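Presented below is the structure to which this report refers.
The values are calculated or read from the model by the stated rules, or taken from the named source; none is laboratory data. Computed from a predicted model, the values in this text were never measured in an experiment. Note that we place each Cβ from the backbone using ideal geometry, even for glycine, and neighbour counts take in every protein chain shown. Ligands, DNA and RNA are stripped out before the accessible areas are found, and what is left, the full protein with its side chains, is counted by its heavy atoms. Shrake-Rupley method; radii C 1.70, N 1.55, O 1.52, S 1.80 Å.
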Amino acid sequence: MTLTYAEHTPTPKQFADILNRSGLGARRPVDDPGRLARMLAGAKLTIIATDDASGEIVGIARSITDFSYACYLSDLAVDVAYQRNGIGKRLIELTRERAGPQCALILIANPDAVEFYKRLGMPNCDRAFVYPRLA
Ligand SMILES: CC(C)(COP(=O)(O)OP(=O)(O)OC[C@H]1O[C@@H](n2cnc3c(N)ncnc32)[C@H](O)[C@@H]1OP(=O)(O)O)[C@@H](O)C(=O)NCCC(=O)NCCS
């Protein structure tokens, strides 16, 4: 399997597809293309993994960042058929590299992904606070 990693903004349809193929689609507004388009337009850093054989996007990391202090990793998704091959880990490494050493990487883990972040050795923070979405 040969993969290409690149900073690239997918179309809303491609975004919905990879969210659905990862399982994260159940927790994202995949049926609202306008909202997906705004999410993509507002993200400063989106990195995708593409399978060279099929040309399909098989992983994505979408972050909101100033490249100077904070980087919020909003969506990390890997196609279920490609999971456990190091793609999620690599997408985080590339996001951190691109955001730069002055940025903290911040995220809220999907309950199913908590063990993944622990496995990476990512420090967790008990001082984080969140106002949930109202819509
Ligand atoms: C979470 C997710 C992104 C991980 O991507 P992945 O490409 O399968 O993960 P990797 O292969 O890079 O895994 C890195 C390490 O974590 C481990 N790991 C991966 N998923 C794990 C899980 N659910 N539980 C425990 N360990 C896990 C891997 O075995 C690997 O361990 P190793 O370094 O000892 O080999 C992927 O499972 C996914 O897209 N899940 C659905 C969407 C989701 O929950 N996204 C996170 C939103 S916060």
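Name the residues in the stretch 93-117 that are assigned to a loop (DSSP other than H, G, I, E, B) and away from the ligand (no atom under 15 Å from the Cβ), would you?
Kept after step one, since they are assigned to a loop (DSSP other than H, G, I, E, B), are these residues of the stretch 93-117: 100-103, 107-110.
Residues satisfying the conditions are Gly100, Pro101, Gln102, Cys103.
So, Arg84, is that one within 15 Å of the ligand (Cβ to nearest atom), part of a loop (DSSP other than H, G, I, E, B) and farther than 17 Å from Arg28 by Cβ or not? Yes; evaluated as a whole, the condition is true for this residue. Applying the set (1) in a helix (DSSP H, G or I); (2) surrounded by fewer than 13 Cβ atoms within 10 Å (Cβ to Cβ) to Ala53 leaves exactly one unmet item: (1). Looking only at the stretch 4-50, residues that are open to solvent by less than 40 Å² (accessible area, probe 1.4 Å) and either assigned to a loop (DSSP other than H, G, I, E, B) or within 12 Å of Asp79 (Cβ to Cβ) (or both) come to 12 in all.
Cβ-Cβ contacts under 7 Å between residues 6 or more apart (or on different chains), taken from a first residue in the stretch 101-116 that is without any contact (Cβ under 8 Å) to a residue 12 or more places away in the chain and acidic (Asp, Glu) to a second residue that is more than 8 Å from the ligand (Cβ to nearest atom) and open to solvent by less than 80 Å² (accessible area, probe 1.4 Å), are absent. So which residues in the stretch 61-81 are touching a helix residue (DSSP H, G or I) at 6+ places or on another chain (Cβ under 7 Å), near the ligand (Cβ under 9 Å from one of its atoms) and of a type outside the set (D, E, K, R)? Ala61, Leu73, Leu76, Ala77, Val78, Val80, listed by residue number.
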